[in-house]
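Report on the structure given below.
The values are calculated or read from the model by the stated rules, or taken from the named source; none is laboratory data. For clarity, every value in this text was computed on a predicted model and none was experimentally measured. Methodologically, a virtual Cβ is constructed for each residue, glycine included, from the backbone with ideal geometry; neighbour enumeration extends over all protein chains shown. Accessible surface areas use protein heavy atoms only, side chains included; no ligands, DNA or RNA. Shrake-Rupley method; radii C 1.70, N 1.55, O 1.52, S 1.80 Å.
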Amino acid sequence: YSVSLVGPAPWGFRLQGGKDFNVPLSISRLNDGGKAAQAHVGIGDVVLSIDGISTDGMTHLEAQNKIKACTGNLNMTLQR
C-alpha cells in the first residue's frame with residue numbers, strides 16, 4: 001500500500017534494517033499521534049520504496065538520507 005505524509009518532518013516513525021543488516025527496511029517504532037501513526041502505518045511494515053525509489057539494496061543510512069531529503073511530502077510504498 002502507498003502512504004503520503006505531508007511535511008515537514010518529523011514523520012513520527014523509526015526505521016530498522018537495510019542492506020547492511022541483511023534484513024529488509026521496516027518500521028520499528030511509531031510516535032503516538034505522529035504523522036505516520038495518523039496515516040495508519042504499522043510497526044513491522046516493510047518499506048518497499050521511498051519517494052518512488054526502490055529500497056532494494058539500500059543501506060540503513062541511504063534510506064535515512066532519502067527520507068531526510070523529503071522536505072515537503074514523504075511518499076512511501078509499504079507492505080504489511
Residues (at positive phi, out of contact with any helix residue (DSSP H, G or I) (no Cβ under 6 Å at 6 or more places or on another chain) and in contact (Cβ under 8 Å) with a residue 12 or more places away in the chain) located in the range 2-39: G17, G33
Any chance you could count how many residues in the range 34-64 are under 11 Å from the mean Cα position of the chain (by Cα) and either buried (at least 16 other Cβ atoms within 10 Å of the Cβ) or not in a loop (DSSP other than H, G, I, E, B) (or both)? 12
Within the range 54-67, can one find any residue that is hydrophobic (A, V, I, L, M, F, W, C), touching a Lys or Arg at 6+ places or on another chain (Cβ under 7 Å) and modelled with pLDDT of 95 or more? yes
Given the options T55, T77, T59, name the one that is in contact with a Pro (Cβ under 9 Å, 6 or more places away or on another chain) and polar (S, T, N, Q). T55
Being within 15 Å of N73 (Cα to Cα) and among the β-branched types (V, I, T): is that true of V6 here? yes
Which condition breaks for R29 when tested against (1) out of contact with any Asp or Glu (no Cβ under 6 Å at 6 or more places or on another chain); (2) open to solvent by less than 20 Å² (accessible area, probe 1.4 Å); (3) under 12 Å from R14 (Cα atoms); (4) outside any helix (DSSP H, G or I)? (2)
